[in-house]
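To start, the structure under review is shown below, and the notes come after it.
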Amino acid sequence: MSDIKLQSLRPFYHPDYQPPTTEELRGLMKDCAWTGAKVGALVGVDSRTVRRWTGGERPIPYSAWRLLLLHAGVVELDG
């Protein structure tokens with residue numbers, strides 16, 4: 001898996017949580033062979049929104065990031 005920093009893998013409520021960088025998002029997409037359309041379908045947005053995230057125009061919301069990490073098998077649901 002790409003170099004996703006530990007802080008980006010933490011739950012939102014964790015004091016050390018940091019939002020992912022565009023490089024982390026693009027790296028995850030590359031590692032999983034996901035297109036922008038696929039990412040959009042996984043989290044319920046259109047590919048234009050994904051382009052804004054990967055281009056740095058807008059940050060990816062935590063909920064979308066966490067869903068992608070779950071789909072990729074990088075994190076598990078906290079019980």
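What to note about this one:
- Answer label for semi-axes √(5λ) of the Cα gyration tensor in Å (calculated), chosen among (i) 19, 13, 12; (ii) 17, 16, 12; (iii) 27, 17, 9: (i)
- Contact order normalised by residue count of the chain, Cα under 8 Å, 6+ apart, percent: 24
- Chymotrypsin sites (Phe, Trp or Tyr not before Pro) restricted to the stretch 1-50 and DSSP loop, no more than 11 other C-beta within 10 Å: Phe12, Tyr13
- Cβ charges +1 (Lys, Arg) and -1 (Asp, Glu), total dipole of the chain, debye: 300
- Distance between the pseudo-spin-label points of Glu57 and Thr35 (7 Å out from Cα toward the beta carbon): 1.9 nm.
Any read-out appearing in this document is the output of simple, stated calculations on the displayed coordinates, not a laboratory observation. Treat the numbers as computed from the prediction; the structure is a model and nothing was measured. Methodologically, a virtual Cβ is constructed for each residue, glycine included, from the backbone with ideal geometry; neighbour enumeration extends over all protein chains shown.
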